[in-house]
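Each remark here refers to the structure printed beneath this line.
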Amino acid sequence: MIDLSKVQKRSTADIAKRIVQDIPDGAHVNLGIGQPMTISNYLPSDREILLHSENGILGMGPLATGDDIDEELVNAGKQPVTMLPGASLCHHADSFVMIRGGHIDICVLGAFQVSVKGDIANWRTGDPKAIPAVGGAMDLALGAKKLFVMMEHLTKSGESKLVKECTYPLTALAAVDCIYTDLATIAVTPEGLVAVDWIDGLSFEELQELSGVPMMRASK
Amino acid sequence: MIQKIIPSVAEAVRDIANGSTILVSGFGGAGLPIYLLDALAEQGAKDLTIISNNAGNSGIGISKLIGLGQVKKMVCSFPRQPESGAFDDLYRDGKIELELVPQGTLAERIRAGGAGIGGFYTPTGFGTELAQGKDTRVIDGVNYIFETAIKADYALIKADKGDRWGNLTYHRTGRNFGPIMATAARCTIAQVNQLVELGDLDPETVVTPGIFVKRVVLLGGKS
């Protein structure tokens, strides 16, 4: 058993900053509800990155405060937001034309599980008492040119969220391009998972053991 | 003379019959035609099928209709909301039907309905439980599922400005489903923040041309 108490895991902010490294200047990006939305706090000012919100904003700005709050200008999580100069608004069908038509460069979603083939499960656990709700996740997972997943590497009970086959209901098949966790950055390739980088104090062998699925290593 | 402006919300929704299928605009509270929904709650039509992104919350809007037992079925992408209690309770008791639709598929099914298209193939949902029972097809090596169009008896939408021909503009993300829902119903009813004279809306900025709208009703209150 590997003792993770001795290593410094990436915080949510660390994961967000790591993802930002892989978002190029000029990218059109959709950030999923929850942790992925925090990435907007770390976008560098020397790159023009346009945020898309599924409810019809391209060029979304930071959360609105004070007098800037307009209850009819909200993000996908229904929080009041602002728009950047140059922003545009559109109706829902056009917004999903951007998503489903492959016009969004990168989407970042959270996940319960990602399989070695890039299948993603992120919308329900199958709990019969939970109200099922899918929102735009299935459209985003397949429609964006690249799908990044931002998640904890392990469940609260210590099981890997990287799996051979997803056991939770699927969101999309073979959709994920890269997984960013509190332990590592892992690319999904046709040859299988490739560990791109991982935290100090953890060996590749330990990462692989914790992950519980076959994995190759890129040079660190 | 064309006069689509209706003097009161009660009159605007008076003829909605039991068993009607109704499109309701809104994404959370943004763009939700709350006054029309209140009038529908007052009017009392039952066995309704409501098609909307969410299933309402906090006992207002769609949540109010559900709480009053007026809704037989919800077609939506994201029924789970903070304080979506009315829907949650009936759903768990098996007293309300739910057709869960991915948000982009919902938008496109409505758009197709308004455009006279019977259905379409989309990759969204392929291989998931939401594809069960749907036709599939491989096109250029990609797996697709077949989704049918949505049409409705009524659309209740919220717009910003409207004129007596039914031309509409919207406010910010309050636009969301309004423009496509307006096209997909036999009778579209728009609550607007402001009535304007013909010609006041720049034709370049009209979002919903009046042909799609049957009734316009002014409601005070802020946008």
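The values are calculated or read from the model by the stated rules, or taken from the named source; none is laboratory data. Bear in mind that the values here come from a model prediction, so they are computed numbers and not experimental data. A quick note on method: Cβ atoms are made from the backbone with ideal geometry, for glycine too, and the neighbour counts reach across all protein chains shown.
Among the numbered criteria (1) within 13 Å of chain A (Cβ to nearest Cβ); (2) surrounded by fewer than 16 Cβ atoms within 10 Å (Cβ to Cβ); (3) touching a strand residue (DSSP E or B) at 6+ places or on another chain (Cβ under 7 Å); (4) of a type outside the set (D, E, K, R), which single criterion is violated by B:Q132? The number of the failed condition is (3). Candidates A:I69, A:I33: the one that is surrounded by 14 or more Cβ atoms within 10 Å (Cβ to Cβ) and at pLDDT below 95 is A:I33. Any residue that is without any contact (Cβ under 8 Å) to a residue 24 or more places away in the chain, surrounded by fewer than 18 Cβ atoms within 10 Å (Cβ to Cβ) and aliphatic (A, V, I, L, M) - is there at least one of those in the stretch A:173-193? Scanning the stretch A:173-193, I find no residue that is without any contact (Cβ under 8 Å) to a residue 24 or more places away in the chain, surrounded by fewer than 18 Cβ atoms within 10 Å (Cβ to Cβ) and aliphatic (A, V, I, L, M), so the answer is no. Taking the condition more than 12 Å from chain A (Cβ to nearest Cβ) and under 27 Å from B:I211 (Cβ atoms), does B:G113 pass? No: the conditions fail for B:G113. Taking first residues from the stretch A:94-105 that are under 15 Å from B:R111 (Cα atoms) and at the interface with chain B (Cβ under 10 Å from one of its Cβ atoms) and partners that are charged (D, E, K, R) and not in a helix (DSSP H, G or I), the Cβ contacts under 8 Å between residues at least 6 apart in sequence or on separate chains come to A:S95/A:E54; A:F96/A:E54. Within the stretch B:20-61, work out how many residues are over 16 Å from the mean Cα position of the chain (by Cα), at positive phi and not polar (S, T, N, Q). Total satisfying the criteria: 3.
The set of residues in the stretch A:42-66 being within 13 Å of chain B (Cβ to nearest Cβ) and touching a Lys or Arg at 6+ places or on another chain (Cβ under 8 Å) consists of A:G56 alone.
Scanning the stretch A:76-93 for residues that are in a loop (DSSP other than H, G, I, E, B) and either within 8 Å of chain B (Cβ to nearest Cβ) or closer than 16 Å to B:S77 by Cβ (or both) gives A:A76, A:G77, A:K78, A:C90, A:H91.
Can we say B:R186 is of a type in the set (D, E, K, R) and more than 12 Å from chain A (Cβ to nearest Cβ)? So B:R186 fits the description; yes. Screening the stretch B:147-183 for residues that are away from chain A (no Cβ under 14 Å) and of a type in the set (F, W, Y) and picking the one that is farthest from A:E54 (Cα to Cα) gives B:W165. Restricting attention to the stretch A:1-36, the residues that are part of a loop (DSSP other than H, G, I, E, B) and of a type in the set (K, R) add up to 2. Say whether the condition of being facing chain A (nearest Cβ under 9 Å), outside any helix (DSSP H, G or I) and surrounded by fewer than 24 Cβ atoms within 10 Å (Cβ to Cβ) is met by at least one residue in the stretch B:94-102. Yes; the residues of the stretch B:94-102 include at least one that is facing chain A (nearest Cβ under 9 Å), outside any helix (DSSP H, G or I) and surrounded by fewer than 24 Cβ atoms within 10 Å (Cβ to Cβ). Apart from one condition, B:V142 fits all of (1) surrounded by fewer than 24 Cβ atoms within 10 Å (Cβ to Cβ); (2) more than 11 Å from chain A (Cβ to nearest Cβ); (3) among the β-branched types (V, I, T); the exception is (2).
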